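Here's the structure we're looking at; comments come further down.
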Amino acid sequence: QQPVQSPQAVILREGEDAVINCSSSKALYSVHWYRQKHGEAPVFLMILLKGGEQKGHDKISASFNEKKQQSSLYLTASQLSYSGTYFCGTENNYGQNFVFGPGTRLSVLP
Amino acid sequence: GAVVSQHPSWVICKSGTSVKIECRSLDFQATTMFWYRQFPKQSLMLMATSNEGSKATYEQGVEKDKFLINHASLTLSTLTVTSAHPEDSSFYICSARAGAAGNNEQFFGPGTRLTVL
C-alpha cells in the first residue's frame with residue numbers, strides 16, 4: 001500500500017528549513033528516502049530501519065517513528081541543489097512490499 | 001555509490017514493434033533488480049521484481065506477456081516491451097540492489113524514455 005507524503009509541494013528561499021513527512025497505514029520495517037531531479041534517476045539519500053533510527057548527512061537528516069508509522073525528512077539551511085522531488089519508499093516486512101510514495105516537490109529559490 | 005547503466009537512453013518506435021531495454025550493474029552483483037515506470041510528475045510505479053535465475057514477480061495490473069523480463073546474470077536484466085502501443089510511452093527506470101532488503105539501498109539507472117508513435 002502506497003505511503004502518504006506531505007506536503008505535496010513546497011517552495012523555499014535558500015537558507016530556509018523544510019520538513020517532509022511520510023506515513024503509512026501499516027506497520028513499517030524500513031523507510032527509504034530518495035531525491036529525483038527532473039529528467040534524472042532517483043538518488044539515494046538514506047534508509048531508516050525500525051527501532052527508532054535517526055540519521056543525517058550534511059544538512060539532511062531523517063527520523064523514523066515506528067509507533068506512528070511515519071518518517072520525517074529534515075532539510076536544514078536549504079541550498080539551491082536541494083530542489084527536486086523527494087520520494088519515500090516503505091517496506092512493511094523484511095524484503096517485502098517495497099513501494100514509493102507519491103513524492104514531494106521541493107523548489108529552493110535564490 | 002554503485003553504478004547502474006541503462007541502454008538505450010531513449011527510443012522512438014512505431015506501434016506494434018518490440019523494444020528491449022537493458023539494465024546493468026557495473027561494479028557490483030545485483031541480487032535483485034527492479035523495473036519501474038514513471039509518468040510525468042508522478043511517482044515511480046513498480047512493475048516487476050526480478051532475482052537472478054528465477055522468474056520475475058510482476059505487480060498487480062502489469063501484463064507479464066507484454067513486459068517480458070529476463071534476469072540472466074547478476075549484472076544484467078532486460079525488459080522487453082512487446083507489441084508496443086502509444087500508451088506504453090513512458091520513462092522506464094531500473095534499479096539494482098546488492099543484498100536483501102532492509103538496509104540495502106537501490107541504485108537506479110538513468111532511465112529510458114520510450115516514445116511509441
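Name the strands (runs of 3 or more DSSP E) wholly within region B:29-95 that hold at least 2 residues that are among the aliphatic types (A, V, I, L, M) and in contact (Cβ under 8 Å) with a residue 12 or more places away in the chain? It would help to see each step written out before you state the result.
Numbers: elements: B:32-38, B:44-51, B:67-73, B:76-81.
Filter on region B:29-95 gives B:44-51, B:67-73, B:76-81.
None of A:T76, A:T90, A:T104, A:T85 is over 19 Å from A:V10 (Cα atoms) and among the β-branched types (V, I, T) except A:T90.
Taking every residue in region A:35-61 that is within 11 Å of another protein chain (Cβ to nearest Cβ) and pairing it with any residue that is in a loop (DSSP other than H, G, I, E, B) and among the aromatic types (F, W, Y), at least 6 positions away or on another chain, the pairs with Cβ-Cβ distances below 6 Å are A:K50/A:Y29.
Would region B:95-107 turn up any residue that is at pLDDT 95 or above, surrounded by 16 or more Cβ atoms within 10 Å (Cβ to Cβ) and hydroxyl-bearing (S, T, Y)? No, the conditions are met nowhere in region B:95-107.
Is region A:70-78 home to any residue that is over 11 Å from the mean Cα position of the chain (by Cα), in contact (Cβ under 8 Å) with a residue 24 or more places away in the chain and farther than 25 Å from A:K37 by Cα? For region A:70-78, residues over 11 Å from the mean Cα position of the chain (by Cα), in contact (Cβ under 8 Å) with a residue 24 or more places away in the chain and farther than 25 Å from A:K37 by Cα: absent. If you go through region A:60-110 and keep only what is of a type in the set (K, R) and modelled with pLDDT of 90 or more, you end up with just A:R105. Restricting attention to region B:1-20, which residues are over 30 Å from A:Q8 (Cβ atoms) and either in a strand (DSSP E or B) or within 12 Å of chain A (Cβ to nearest Cβ) (or both)? B:A2, B:V3, B:S5, B:H7, B:V11, B:I12, B:C13, B:V19, B:K20 - these are the residues of region B:1-20 that are over 30 Å from A:Q8 (Cβ atoms) and either in a strand (DSSP E or B) or within 12 Å of chain A (Cβ to nearest Cβ) (or both). For region B:16-55, the set of residues classified as of a type in the set (G, A, S) and surrounded by 13 or more Cβ atoms within 10 Å (Cβ to Cβ) consists of B:S25, B:A30, B:S43, B:A48, B:S50, listed by residue number. With the structure loaded, tell me whether A:I20 is within 13 Å of the chain's Cα centre (by Cα) and free of Cβ contacts under 8 Å to residues at least 40 places away in the same chain or whether it fails that test. No: the conditions fail for A:I20. B:N104 satisfies every condition listed in (1) outside any strand (DSSP E or B); (2) over 28 Å from A:G84 (Cβ atoms) except (2). Scanning region A:91-106 for residues that are within 11 Å of chain B (Cβ to nearest Cβ), buried (at least 21 other Cβ atoms within 10 Å of the Cβ) and outside any loop (DSSP other than H, G, I, E, B) yields A:E91, A:F100, A:T104. You will find that of B:R113, B:R37, B:R97, B:R24, the residue that is among the basic types (K, R) and touching a His at 6+ places or on another chain (Cβ under 9 Å) is B:R24 and no other. The set of residues in region A:20-70 being over 21 Å from B:S95 (Cβ atoms) and exposed (fewer than 15 other Cβ atoms within 10 Å of the Cβ) consists of A:S25, A:K26, A:A27, A:G51, A:G52, A:Q54, A:G56, A:D58, A:K59, A:K67, A:K68.
The values are calculated or read from the model by the stated rules, or taken from the named source; none is laboratory data. None of the values given here were measured: they were computed from a predicted structure. Please note: Cβ atoms are built from the backbone with ideal geometry, for glycine as well, and neighbour counts cover all protein chains shown.
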